[in-house]
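K.L.:
Mind looking over this structure? Questions follow.
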Amino acid sequence: MVSANNLQSRVPHSFAFFANEWARGQCTKLVYNDAMPVSKHVRRSVSLPAPIAKQVDRMAKSQRLSDNRVLVELIELGIEARKQKEKAFFELAQRFRSARDPEEAKQLGDQLGRLVFGE
């Protein structure tokens, strides 16, 4: 076993505390699991209209986050909202196709039209 004194003599002074703790077995061990997700980041350049850039700046300042983090959160929310809207559309289309009552079919058709084309 490596003694603390022997290890201290071989490492710079700044590592002395670490060496003592390591020799006693009291350091935290870093464990890596191959199943841990690795998130790869991709750099993108985005031009924002000035009013939107100001809103992002205000949001970042009020939430004490970076502009980049606010943009990532907004994009994630937008993607989730689009997925929910798409899911709602397909559920409504399914209800429209399976409707037997002509009045219900007309109402569902109107709802589909508003969903696709807006109010």
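K.L.:
The conditions are (1) within 30 Å of Leu115 (Cα to Cα); (2) at pLDDT 90 or above, and Lys54 fails exactly one of them. Which is it?
P.N.:
(1)
K.L.:
So Ala60 fits all but one of (1) under 15 Å from the mean Cα position of the chain (by Cα); (2) among the hydrophobic types (A, V, I, L, M, F, W, C); (3) at pLDDT 90 or above; what number is the exception?
P.N.:
Status for Ala60: all satisfied but (1).
K.L.:
Okay, moving on. For Leu108, all conditions in the list (1) surrounded by fewer than 12 Cβ atoms within 10 Å (Cβ to Cβ); (2) touching a Lys or Arg at 6+ places or on another chain (Cβ under 8 Å) hold save one; what is the number of the exception?
P.N.:
(1)
K.L.:
Look through segment 64-119, keep the residues that are assigned to a helix (DSSP H, G or I), small (Gly, Ala, Ser) and farther than 23 Å from Ile52 by Cα, and return whichever of them is farthest from the chain's Cα centre (by Cα).
P.N.:
Taking segment 64-119 first, the residues assigned to a helix (DSSP H, G or I) are 67-98, 102-117.
Now drop any that are not small (Gly, Ala, Ser), which leaves 78, 81, 88, 93, 98, 105, 109, 113.
Now drop any that are not farther than 23 Å from Ile52 by Cα, which leaves 88, 93, 98, 105, 109, 113.
Numbers: Ala88: 23, Ala93: 30, Ser98: 37, Ala105: 39, Gly109: 36, Gly113: 32 Å.
It comes out as Ala105.
The values are calculated or read from the model by the stated rules, or taken from the named source; none is laboratory data. In this text the structure is predicted, and so the values were computed from the model without any measurement. Methodologically, a virtual Cβ is constructed for each residue, glycine included, from the backbone with ideal geometry; neighbour enumeration extends over all protein chains shown.
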